[in-house]
1. Specify which of the listed residues (R275, R243, R294, R251) is of a type outside the set (A, V, I, L, M, F, W, C), more than 27 Å from P189 (Cα to Cα) and within 16 Å of the ligand (Cβ to nearest atom).
2. Select from the range 304-314 the residues that are of a type outside the set (G, A, S) and either within 9 Å of the ligand (Cβ to nearest atom) or over 15 Å from A142 (Cα atoms) (or both) and list them in ascending order.
3. Determine which member of the set D156, D164, D221 is within 19 Å of G288 (Cα to Cα) and over 32 Å from the mean Cα position of the chain (by Cα).
4. Are any residues in the range 168-191 outside any loop (DSSP other than H, G, I, E, B) and within 14 Å of the ligand (Cβ to nearest atom), and if so, which ones?
5. Kindly establish whether S177 is out of contact with any Lys or Arg (no Cβ under 8 Å at 6 or more places or on another chain) and among the polar types (S, T, N, Q).
6. Might you let me know whether the range 113-123 holds any residue that is on the phi < 0 side of the Ramachandran plot and not in a helix (DSSP H, G or I)?
7. Do you know which of the residues in the range 140-167 that are hydroxyl-bearing (S, T, Y) and loosely packed, with under 12 Cβ neighbours inside 10 Å is nearest to the ligand (Cβ to nearest atom)?
8. Of all residues being over 16 Å from T68 (Cβ atoms) and among the charged types (D, E, K, R) in the range 1-52, which is surrounded by the most Cβ atoms within 10 Å (Cβ to Cβ)? Just the residue, please.
Amino acid sequence: MTETTALKSGLLADIAAANNLAAVEELRVGALGKQGVITALLKTLGGMSADERLEKGPAIQDLRESVTAAIAERKATLEQAALDARLASEKLDMTLPADIGPVGSVHPVSQVMDELAEIFADLGFSVATGPEIEDDWHNFTALNIPETHPARAMHDTFYFPDVDGAAQRMLLRTHTSPVQIRTMMNQKPPIRIIAPGRVYRSDSDATHTPMFHQIEGLVIDRGITLGHLKWTLETFLKAFFERDDIVLRLRPSYFPFTEPSVEVDVGYTMVNGQRVIGGSDGWLEVLGSGMVHRKVIEACGLDPEEWQGFAFGTGVDRLAMLKYGMTDLRAFFDGDLRWLKHYGFSALDVPTLSGGVGA
Ligand code: DAH
């Protein structure tokens, strides 16, 4: 047996015995790598005489081809075995229900705010925001509620401690109405905005929490009348409650920032002992509104002879309770997962007017 055939059978035996890919690679480098034994043999061909090359060349070439093929084959076999082992151990039953871990839901307050933004966007309103830490002037004075006005006491305001040298007292806004002021001062009419957000009052029982949500609406333009207000509210409430039989009752009322002021009731029907919005068996108060007081328009630097408008404000949490049938407001903010699961909305149910806002 020549040296070459001995090397060949030795290498082929080693390759056949290699039982992992790293061992095969080690053999490949030892035989065919830069410093490999076969590579070295191939290099000797150059220095041989023509006769000698004719005699030894074919065996060396055969050695190279056989070893290359054996390595490729062994590698393929080992790779297939590894894949088979993985397939056998990693089973996936596609018919099992998906387990995607704990899934959150959209809070009814967020859902209702999205619904409101969607409805009012369709009516040409944009969304405005303002700070929750507000100053006295924007929260009260500019809204025609001067220092001595009894309405200040009605608001159960959280004030911040007085700061020496500060121009005015800071407070947690008691309503979203200061956003009216900020919008009129920063934006040229015509104005059509809604301002949803958190408000704060020192009050707590089944229907009051120290923090709650309101939405404000404001329209400022030329020639705006109470008729525009009534149509807008009616259109909004029909879209929100997703019923055509919404009946509104406008009652004269009083707010310092509107003149005249109207309180808006919506009719309900009793169905299986529950109040359902629609019809007119009874009335629920849902909104405060009115024509923006000329003093408020003036306070914002606009001429009330030229610009008029209407405003409205209501509780977002209250709207959510009326639409989705919750009874205790405090549960909104307890963070109880069972409540959130029951009353929460899917993140994929984005409200749209065409698909139904309360989808
Ligand atoms: N700001 C009032 C409140 O918190 C709600 C309100 C009533 C807002 C009448 C308005 C309005 O814009 O016109 O009770």
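1. The match here is R251.
2. If the condition is that a residue be of a type outside the set (G, A, S) and either within 9 Å of the ligand (Cβ to nearest atom) or over 15 Å from A142 (Cα atoms) (or both), then E305, E306, W307, Q308, F310, F312, T314 are the ones that fit.
3. The conditions single out D156.
4. Within the range 168-191, L171, L172, P178, V179, Q180, I181, R182, T183, M184, I191 qualify.
5. Yes: the conditions hold for S177.
6. yes
7. Y159
8. Across the range 1-52, the extreme among qualifying residues is E52.
The values are calculated or read from the model by the stated rules, or taken from the named source; none is laboratory data. This is a predicted model, so every value here is computed, not measured. Methodologically, a virtual Cβ is constructed for each residue, glycine included, from the backbone with ideal geometry; neighbour enumeration extends over all protein chains shown.
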